[in-house]
Amino acid sequence: DGVVQDRGIKCRLCTKILKKIQMLAGDNPDKAAVAAALRKGCRLLGRAVGKVCQWLAKKYQDQITEGLQNGDMPRDICSAMGICQS
């Protein structure tokens with residue numbers, strides 16, 4: 001089923017992106033640290049993944065920031081955004 005497979009790919013991408021952002025933002029990041037990590041992380045991930053990353057950053061920045069500040073795991077944040085099935 002293409003939709004499920006597509007969702008799986010998006011979920012893996014989302015998780016990969018957020019792991020990178022989490023690493024760059026450091027422990028206990030403030031909003032500015034997450035924003036900077038998103039900008040830098042999206043550039044580091046290459047063109048194709050970077051585009052997905054920028055879309056995620058634009059659409060979900062508040063949720064990503066909140067999730068990272070709460071210490072949530074990347075997969076859980078992606079689930080909360082509806083990209084991964086929990």
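Observations, loosely collected:
- Residue match in the range 3-11 (condition: under 10 Å from the mean Cα position of the chain (by Cα), at pLDDT below 95 and not aliphatic (A, V, I, L, M)): yes
- Residue within the range 33-50 that is open to solvent by less than 70 Å² (accessible area, probe 1.4 Å), out of contact with any strand residue (DSSP E or B) (no Cβ under 7 Å at 6 or more places or on another chain) and of a type in the set (D, E, K, R) present: no
- Restricting the range 61-86 to residues that are at pLDDT below 95 and open to solvent by less than 30 Å² (accessible area, probe 1.4 Å), the residue that is farthest from ASP6 (Cα to Cα) is MET81.
- Applying the set (1) within 14 Å of the chain's Cα centre (by Cα); (2) surrounded by 14 or more Cβ atoms within 10 Å (Cβ to Cβ) to LYS58 leaves exactly one unmet item: (2).
The values are calculated or read from the model by the stated rules, or taken from the named source; none is laboratory data. Not measured: the values here are computed from a predicted model. Methodologically, a virtual Cβ is constructed for each residue, glycine included, from the backbone with ideal geometry; neighbour enumeration extends over all protein chains shown. Just so you know, the surface numbers come from the protein's heavy atoms only, side chains and all, with ligands and any DNA or RNA stripped out. Shrake-Rupley method; radii C 1.70, N 1.55, O 1.52, S 1.80 Å.
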